[in-house]
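Notes to accompany the following structure.
The values are calculated or read from the model by the stated rules, or taken from the named source; none is laboratory data. Bear in mind the structure is a predicted one, so any value in this text is a computation, not a measurement. Don't worry about glycine lacking a Cβ; one is built from the backbone with ideal geometry, like all the others, and counts go over all protein chains shown. Each accessible area value is taken on the protein alone, full model and side chains, heavy atoms only, with ligands, DNA and RNA left out. Shrake-Rupley method; radii C 1.70, N 1.55, O 1.52, S 1.80 Å.
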Amino acid sequence: MFELDVRSRKPIYEQLTSKVKEMIMHGILQADEQLPSVRALSSQLTVNPNTIQKAYRELEREGYIYSLQGKGNFVAGLQQGHNESKRAELKEELLRLMAEAVYLGFTESEMSALYRQALDHRRGENSHD
């Protein structure tokens, strides 16, 4: 389910948080679906349990998952207030990246093509359910 690149310069917990976010965004992980336990995922990935716990804490802090005492960690549903603040944050980041792309010579049609590619990727992922 989760694959990590041990040779990557990106820390393991960041790779894991990115992978879980990606799986949620692509509909692979659904709201209220239980995530593997820290112990099980640690064993599966041969990673220190503290690393898994750190990733889960970060995902919970960002609102992607929630935990229930004694039951485990679960995928959070969309929360409108949190969603709006996340959208505003993402909009700022996109504007920064788009300004850099324009500076590097990207055309409007190239940027539109990238947007369509992202849409196609999302549709393709959802059709594999």
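Restricted to region 51-72, and to residues that are among the polar types (S, T, N, Q) and either under 13 Å from GLU14 (Cα atoms) or assigned to a strand (DSSP E or B) (or both), which residue is most open to solvent (accessible area, probe 1.4 Å)?
As a first pass, look at region 51-72 and keep what is among the polar types (S, T, N, Q): 51, 53, 67, 69.
So of that shortlist, the ones also either under 13 Å from GLU14 (Cα atoms) or assigned to a strand (DSSP E or B) (or both) come out as 51, 53, 67.
Working: THR51: 36, GLN53: 70, SER67: 54 Å².
Here the answer is GLN53.
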Tally time: how many residues in region 1-44 are of a type in the set (Asp, Glu) and in a helix (DSSP H, G or I)?
2
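Yes or no: PRO36 of a type outside the set (Lys, Arg) and surrounded by 15 or more Cβ atoms within 10 Å (Cβ to Cβ)?
Working: of a type outside the set (Lys, Arg): yes; surrounded by 15 or more Cβ atoms within 10 Å (Cβ to Cβ): yes.
Answer is yes for this residue.
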Restricting to region 12-22, what's the tally of residues that are in contact (Cβ under 8 Å) with a residue 12 or more places away in the chain and within 17 Å of LEU119 (Cα to Cα)?
1
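On the given criteria, is VAL47 assigned to a loop (DSSP other than H, G, I, E, B), more than 26 Å from ASP120 (Cα to Cα), open to solvent by 80 Å² or more (accessible area, probe 1.4 Å) and not polar (S, T, N, Q)? Before you say what the answer is, go through the steps one by one.
Values: assigned to a loop (DSSP other than H, G, I, E, B): yes; more than 26 Å from ASP120 (Cα to Cα): yes; open to solvent by 80 Å² or more (accessible area, probe 1.4 Å): no; not polar (S, T, N, Q): yes.
Criteria not met by VAL47.
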Of (1) open to solvent by 50 Å² or more (accessible area, probe 1.4 Å); (2) touching a strand residue (DSSP E or B) at 6+ places or on another chain (Cβ under 7 Å), VAL75 satisfies every one except (1)
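Which one of these is under 22 Å from ALA118 (Cβ atoms) and either aliphatic (A, V, I, L, M) or at pLDDT 95 or above (or both): LEU4, LEU41, LEU97? Break it down stepwise before answering.
Numbers: LEU4 fails: under 22 Å from ALA118 (Cβ atoms); LEU41 fails: under 22 Å from ALA118 (Cβ atoms).
Answer to the check: LEU97.
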Which residues, counting only those in region 1-17, are within 15 Å of VAL38 (Cα to Cα) and open to solvent by 50 Å² or more (accessible area, probe 1.4 Å)?
MET1, TYR13
